[in-house]
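Only the coordinates and a few stated rules stand behind these numbers; no lab work does. Since this is a predicted model, take the numbers as computed values, not measurements. Cβ: placed from backbone, ideal geometry, glycine included. Neighbour counts: every protein chain shown.
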Amino acid sequence: MERIPYLGQTILRWQVGASTFLALPEKGARLMHWNVTLGDGSVRDLIHWPEAASLDDFAKIRGGNPILFPFCGRSYDRGEEGFWRADDGQRRPIPIHGIARQGDFRITRLDERGFSAQLVRSEETQASYPYDYEFVVSYRFEPDGLHVELELTNLGTTPIPWTGGHHFYFNLPWTAGLTRKDYFIEVPAARTYRRSETGLLVDGPRLQPRETLDNPALIDTLHTALRGHQFQVVERPSGSRLLFRTGFTNTAAKDAAVVTWTLDDKAPYYCVEPWMGSPNSPETKHGLHHVGPGQTQKFLVSITHG
C-alpha cells in the first residue's frame, strides 16, 4: 500500500497480484478505481474514475463506488422528495442516496489488503439520521476482485432503520473496440420495478434473465425477488466476466435488489448496484431493515473478475 498525492489530497494505492485499487477512505469511504493487468501486459480498467480538475465536489463525481447509507436512491415523505418519516412520526431531510457519500470517515484499519473506515457523525448527519450508531465500511482486496462490507451497529435503545447499498461505476466497454451490445447481464430476478415521481414502486419492464447492456429498458430499473445471491456481467466475445455475490448478517435477504443505470448511451460507464432493498424504503417498507438495540447487521458484496 502506498500514498499518492492527487489534486490536493492523498489517496491510497494497493497492488494485490494483478489488481490495482485506488481509494480515498476519508471522503465517503470511496473506492475510486480498480484495474487488472492481463497476461499480455495490457491493463483492463474495470471501475471507472473520470479525469477531474478538482475534488471540491467529490461526492458528486460519477465514478468509483459511492456508498449509499442509510437509504438508497431518492426518499420521499407523502410524495415530497428529499424527506423521510421515521417510526416516531417526525419528518426529516435526507439527500439522495443518504449521508455517507458526502460524509467524512475516520480510518480504523489500514493494511496491505484494504481498509475499514467509520462515518464521522456531525450535526448534518444527525439532522437526517438522529440515532446513536456506528457505521463502518470495510474493503478487502484480492488479486482477482474485492469484498466490501457495510456494517451498522445500534448503540441506542430503539431499533434503527436502514437500507444500504453500492453505486459501482464500471467502465463499459472494458475492452477497446467493443460496445454495450457486446456485454450482457444476468440477474435472477422475478420482478422489476421503477420509481414513480412521488416515490412509489411501479411495475418495471418485462426483461429476460439475460439482457444485453444496450437495452434501454435496463436503465433505472430495480431487479428484485432475486432467486439466489449472485449475478454477473459478461463480455460476450472473450467470456470475461464480473461475478457478484451478496450476503447478509443478522438480517434476511428478502427484497434485496440490483439496480442497473447509466446516464445515456454515450456515457463511458455503466452502473450495476447491489442494494439491500428499494428506493424510498422508509415509506414503501420494501427492503427496509431494522437493527435492534445492541445489535449489528452487515451487508456484504464480493466482485470477482475472471
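Here are some notes:
- Net length gained if the chain between A225 and Q295 were fully extended (0.36 nm per residue, minus Cα distance): 22.6 nm
- Across every direction, the projection of the convex hull enclosing the Cα atoms of segment 46-176 has a mean area of 10.2 nm².
- Cross-link reach is defined here as a Cα-Cα straight distance under 16 Å, omitting same-chain residues fewer than 8 places apart; for K27 the lysines meeting it are K60.
- In the chain, helices alone account for a calculated mean residue ellipticity at 222 nm of -500 deg cm²/dmol, with every DSSP H run of four or more residues adding -39,500 (n - 2.57).
- Dipole of segment 98-184, positive end: most advanced residue of G165, V136, T125 [Cβ charges, Cα centre]: G165
- Positive-end residue, the chain charge dipole about Cα centroid, Cβ charges, pick of G239, P93, Y269: G239
- Summarising the label geometry, the points placed 7 Å from Cα in the beta-carbon direction at L155 and S196 lie 4.0 nm from one another.
- Both the radius of gyration and Dmax for the chain are 18.6, 60 Å, in that order, over alpha-carbon atoms.
- Per-residue 3J(HN,Hα) values for segment 295-306, derived from phi via the Karplus relation 6.51 cos²θ - 1.76 cosθ + 1.60 with θ = phi - 60°, read 9, 10, 10, 9, 10, 10, 10, 10, 10, 10, 9, x Hz in sequence order (x marks Gly and Pro).
- Order of K60, K181, K266 - criterion: other Cβ atoms within 10 Å of each residue's Cβ, fewest first: K266, K60, K181
- Were the residues from M1 through S122 laid out at 0.36 nm apart, the gain over their Cα-Cα distance would be 40.6 nm.
- A86-S238 pseudo-label distance in nm [points 7 Å out on the Cα-to-Cβ vector]: 4.8 nm
- Proximity of backbone amide H atoms, modeled 1.01 Å from N, is registered between S240 and E235 at under 5 Å, excluding neighbours fewer than 5 places apart on the same chain.
- Taking each residue as 0.36 nm, the span from E112 to R78 lengthens on full extension beyond its C-alpha to C-alpha distance by 7.5 nm.
- Taken about its Cα centre, segment 53-138 carries a charge dipole of roughly 240 debye when the Cβ of each Lys and Arg holds +1 and the Cβ of each Asp and Glu holds -1.
- Separation of alpha-carbon centers, segment 135-177 and segment 218-277, rounded to whole Å: 13 Å
- Partners of K298 within straight-line reach, counting lysines whose Cα lies under 20 Å from its Cα and excluding those fewer than 8 residues away in the same chain: K254, K285.
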